[in-house]
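Below is one structure, written out as C-alpha cells; the observations come after it.
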Amino acid sequence: MPSEGRTLPDPLRVVIAGGGVAALEALAALGAVVPCRVTPVLITKTINFRYRPLLLGEPFGHGAPRAYPLDGIAADHGAELIADDVVEVMPDMHAVRTAGDALVPYDVLIVATGARAYPAFQDGIAFDRETSPEDFDEALADLGAGLAPHVAIVVPDGVTWTLPAYQLALQIAAWGRSHHASASVVTLLTPERKPLEAFGETVSLEVADLLEAERIVVRTGVHPDVVTATALRAGGRWLGADRIVALPLLQGPRLLGLPHDAHGFLDTTNIPDVHVAGDAGCATAIKQGGLAAQQADAVVARIARRCGAPAPAHDPEPMVLRGILDTRSGPRFLRAALDDPDATSTFSPEPLWWPPTAVATRRLAPYLAGLEVTARV
Ligand SMILES: Cc1cc2nc3c(=O)[nH]c(=O)nc-3n(C[C@H](O)[C@H](O)[C@H](O)COP(=O)(O)OP(=O)(O)OC[C@H]3O[C@@H](n4cnc5c(N)ncnc54)[C@H](O)[C@@H]3O)c2cc1C
C-alpha cells in the first residue's frame, strides 16, 4: 500500500482532524502504542467532545448529553490543539489548509471528521437532537396528552446504525404508559430482515421478544419511499400514524483534496500518509462510535508498525459491534463480530465489556470514566 512506503521521521508529527470518538481514540492510542516519539496535533473548531448516546434519553428526562472540553483532553495527551476546521488536504505538500487559511504540515494525517445528519424525508419528524429537537419534543407532549396515540418509528433505507430506533421505540412505549396514554401504539418499521440484524440471530430473537412484551409492533423488510406528517408509503401500500419519527441519514464530509464516494464518504487508500477513521470513511458500512474507535485503533497500529512495533497476532483484528439497549429491566448488552454475527451474537444483562459504556472504546472510554464531567450541553 503506497501510504506504508516512506520511512517515518522521529519525532513523528501526527495531525488528527476532528474532535469526536475516532479522533480522540486515535489520540489516546498514539501515546500508548507508537514506539517512536510522536508530536500530536488535533485540529477542530469543536470546543467540546460530545457524548451522543445520551441524546436518546434526553427528551424523556433520562440524563443530559455530556460534553468534555477538548482543550483538557488535548493537554492530557500532550497534543497541540488548533481550534480551526480542516478545509483541504494537500497530499503533495504533506499539509492541510484550515478555514482560517493556515497551512499545517503533517508527517501522518488521520482524518476523523465524522458525518453529517440530514432528514431522510421532507415531511414527518427527523430524530436529530443536535439540530432540531423541537418537533420530537412536541410529538412526545402530544402523546402524553393523548392527542397522538400512534407513533411510528422509521429506519430509512441507508441507515446502518439502527439501534437508536429500537431505543426510541422502547422509550416512547414507556412514556405512553407513564403518561396514562393506555391506548398508545408504537410501530417500528425497518428495512432490516430481523430486528437489529447486524447483531446476529440471538440478539434478533431476544429483541423481538422484548419488543413484543412491550407491545411494540415491529415490521421488518419495510422500505418507505414517501413519508407525510401522518402517513407513509412502503411497497405501494400506505400506513397511517399520528406522528412519524424517522432516523436521519448521514452524508460524508467531502474534504477538498481527498477522493470520496457518491455520499461524500472519504477514501484515502491511495493517498500516502493519510488515513481516515470513523464515520467520515466508507470503509465501514455501519456508522457507529465503537466501530469508529476500532478503525482509529487499527490506523494507529499501522503507524506503530511503521515505527518498528511488532505486528499484532491478528492483523487486522476482527471488528466487533457492541451496543446497549436500555429496557425497563435494566440495560441489555449486545455484541457480535462483524465477520460472523450469527455465530457470535450475544445478548446479556451483564456487561460484556469494560467500562460498560454505550460507545465502547479501548482507550477513550476508560480515560473519560476517570474525568469529571465539567460541562453539560
Ligand atoms: C442519537 C445517537 C445515538 C448514538 N448512539 C450510539 C451508541 O450507543 N453507540 C455507538 O457506538 N455509537 C452511537 N452513535 C453513533 C456515534 O455517535 C458516531 O458513530 C460516532 O460519533 C462517530 O465518531 P466519529 O469520530 O467518526 O465522528 P464524530 O463523533 O461525528 O466526530 C467528528 C468530529 O469532527 C469535527 N469536524 C467535522 N468537520 C471537521 C473539519 N473539517 N475539520 C476538523 N474537525 C471537523 C466535528 O466537529 C466532530 O468533533 C449514536 C449517534 C447518535 C446521533
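The values are calculated or read from the model by the stated rules, or taken from the named source; none is laboratory data. Note that the structure is a prediction, hence the values are computed from the model and not measured. Backbone-built Cβ (ideal geometry, glycine too); neighbour counts: all protein chains shown. SASA here: full protein model, heavy atoms, side chains in, ligands and nucleic acids out. Shrake-Rupley method; radii C 1.70, N 1.55, O 1.52, S 1.80 Å.
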THR346-GLU214 FRET efficiency (beta carbon distance; Förster radius 22 Å; 0.05 resolution): 0.55
What does DSSP give for region 238-360 in terms of the percent of beta bridges that are antiparallel, rounded to the nearest 5? 90 percent
Please calculate the 1.4 Å probe accessible area of ILE47, with all protein chains present, and give it to the nearest 10 Å². 130 Å²
Using a 1.4 Å probe on the protein heavy atoms only, what accessible surface does GLU206 show? Give it in Å² to the nearest 10. 80 Å²
Give me the accessible area per residue for region 160-202, probe 1.4 Å, as a whole number in Å². 36 Å²
Carbon/sulfur accessible area of the chain, % of total, 1.4 Å probe, equals 53 percent
Might you list the cysteines of the chain that have no disulfide-compatible partner by the rule of another cysteine's Cβ under 4.7 Å? CYS282
Roughly how many whole Å is it from the C-alpha centroid of region 30-63 to that of region 337-374? 15 Å
Nearest 10, in degrees from 0 to 90: the angle of helix 201-213 to the longest Cα principal axis of the chain is 40 degrees
State the answer as a single residue: which of LEU211, ALA304, TYR51 lies farthest towards the positive end of the charge dipole of the chain, with beta carbon charges of +1 for Lys and Arg and -1 for Asp and Glu, about the Cα centre. LEU211
